[in-house]
Amino acid sequence: MSTSWYDHDAAARLRRTLDRFPRVPVAYLPTPLDDCPRLSDAVGGPRLLMKRDDLTGLAFGGNKARQFTFSLAPAVRDGCDVLVHGAAAQSNQSRQTAAAAAKLGMKAVVIIPREPRSYPVQGNLLLDHLLGAEVRYVFPEMAREAKQQAIDELKAQGHKPYETSSDGAILRAVAYVECVLELCDQLDRLDVIPSAVYVCSGVHTVVGLTVGLRAIGAPFRTVVISPYVGQDEEVRERLVPVGSECAATLDLDLTFSPDDFEVYCEYAKPDYGVLTKTGLEAIRVVARTEGILLDPSYTGKAMSGLIDHIQKGRFRKDETVVFVHTGGSPALFAYSAELFQ
């Protein structure tokens, strides 16, 4: 078994640092690393391994549950009693905010803009209600203001609210630094050195993976399929300060530049949350070869990007690629018209 492809001493030091951070028990960890041979055969590609962070357990799982193990620790420590989040109707983070609040004995307030996928109540939005969140529907242009208003109202009523996106945000990246160590242990047991790790991420998941891989000297990098339409270079530049903050939080002597982040925004077009033809094809092929469900906004588009890169000859068949499944499958039910064609 190969033991020299990353710095095990650096990994041990990093683990000791991470062990000093408080946690809250909202996720089932470690998550499996599944071999996907039928998917690999279907796309004519390298060996594909899937890191199953859709199986973190909290209300259908997902990457936010892993993040919350770290980022909600300050909320518990400080006696916060309400978790607040605001995002699109089919937000995975809103669902997991509601679930974490239920598990931790807190109240949840979720701000939802009125949009086509907020009616009828299904998918992630249905789960928000089922989990007991107070769901406040607002006009889209008022969403940000409404979230701040909710926080101010809760404070005036004597509550201690905690906003799950902004409060403790860098700890969400720290959680994925720890995921790197978990993944490397699993790869060691398989005696596999991958060529790349693919993930769909806006900020914190990819930052954590990038910082963790740099910290232990891994010989491969994270490839980011953005869920948002934009310019690759602009996204890379925005990730730099977050990477530096994450490294500083862990006392790592690392600096970052845009070149440390490989980002592709093209697979998100025409817009965030809009199911694409290639995304639909990716969802179907993964479901029908491995029995694994991807989602329309994130993992489906990320898999479509990976498949496109495979078909363009980026990887040889004797290589291995890891795909990080960040969850989101409940949103499938809100896309039934597009999926059932």
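Remark on SER297: its backbone amide H falls under 5 Å from none of the residues 5 or more positions apart or on other chains, H modelled at 1.01 Å from N.
What ranking do 56-65, 13-22, 143-152 get when scored by the average of other Cβ atoms within 10 Å per residue, highest first?
Peptide ranking by packing, descending: 56-65, 143-152, 13-22.
Here the label points at ASP185 and ASP19, each 7 Å from Cα along the C-beta direction, are separated by 1.1 nm in the simple model. Using the Cβ-Cβ distance between SER336 and GLU233 with R0 = 30 Å, the FRET efficiency computed as 1/(1 + (r/R0)^6) comes to roughly 0.25. With 32 Å as the limit on Cα-Cα distance, the pairs of LYS103/LYS155; LYS51/LYS269; LYS51/LYS277 all stay inside it. Computed extension gain for GLU145 through VAL76, at 0.36 nm per residue and net of the alpha carbon distance, reaches 22.3 nm. GNM on the chain, alpha-carbon springs under 10 angstrom: the most fluctuating residue among GLY168, GLY217, GLY300 is GLY217.
Ignoring solvent entirely, what values of log10 I(q)/I(0) come out of the Debye formula for the stretch 73-163 at 0.22, 0.25 Å⁻¹ when each Cα is a single scatterer? Summing over Cα pairs of the stretch 73-163 leads to -1.03, -1.25. Rounded, prolate or oblate: which fits the chain, taking a ≥ b ≥ c as square roots of the Cα gyration tensor eigenvalues, rounded meaning a/c under 1.5, else prolate when a/b beats b/c? Oblate, because a/c is 1.5 or more while a/b does not exceed b/c. Proximity of backbone amide H atoms, modeled 1.01 Å from N, is registered between LYS107 and VAL82, LEU83 at under 5 Å, excluding neighbours fewer than 5 places apart on the same chain. Measuring nothing but how far apart in sequence close Cα pairs (under 8 Å, 6+ apart) lie, relative to its length, the stretch 73-163 scores a relative contact order of 36 percent.
For the stretch 330-336, 3J(HN,Hα) computed residue by residue from phi via the Karplus equation (6.51, -1.76, 1.60; θ = phi - 60°) reads x, 5, 3, 5, 7, 10, 4 Hz, glycine and proline entered as x. Spatial offset of the stretch 207-280 relative to the stretch 169-189 amounts to 15 Å, using the alpha carbon center of each. Subtracting the Cα-Cα distance of ALA169 and HIS129 from 0.36 nm times their residue separation leaves 11.9 nm of extension gain.
Taking label points 7 Å from Cα along the Cα-to-Cβ direction, ARG114 and ASP7 give a separation of 5.6 nm. Largest GNM mean-square fluctuation across SER40, SER91, SER166, computed for the chain with C-alpha springs under 10 Å, falls on SER166. Using θ = phi - 60° in the Karplus curve 6.51 cos²θ - 1.76 cosθ + 1.60, the 3J(HN,Hα) couplings for the stretch 154-162 round to 4, 5, 5, 7, x, 7, 10, x, 9 Hz; x is entered for Gly and Pro. Counted by neighbouring Cβ atoms within 10 Å, the residues HIS309, HIS85, HIS204 run from fewest to most as HIS309, HIS204, HIS85. Contact order for the chain, expressed relative to its length and based on alpha carbon pairs under 8 Å spaced 6+ residues apart, stands at 22 percent. Using the Karplus relation 6.51 cos²θ - 1.76 cosθ + 1.60 with θ = phi - 60°, the per-residue 3J(HN,Hα) values for the stretch 124-132 come to 4, 5, 4, 5, 3, 5, 4, 7, x Hz, with x marking Gly and Pro.
Annotation: amide H of GLU163 within the under-5 Å range of VAL84, sequence separation 5 or more or interchain, hydrogens built in the peptide plane. Each residue in MET303, MET50, MET106 was given a count of other beta-carbon atoms within 10 angstrom of its own, and listing them fewest first yields MET106, MET50, MET303. Between LYS317 and ASP152, the distance separating the two model label sites (each 7 Å from Cα on the Cα→Cβ line) works out to 6.3 nm.
Bear in mind these aren't lab numbers, they're just calculated from the coordinates by the rules spelled out. From a predicted model like this one, the values you see are computed outputs, not experimental measurements. Methodologically, a virtual Cβ is constructed for each residue, glycine included, from the backbone with ideal geometry; neighbour enumeration extends over all protein chains shown.
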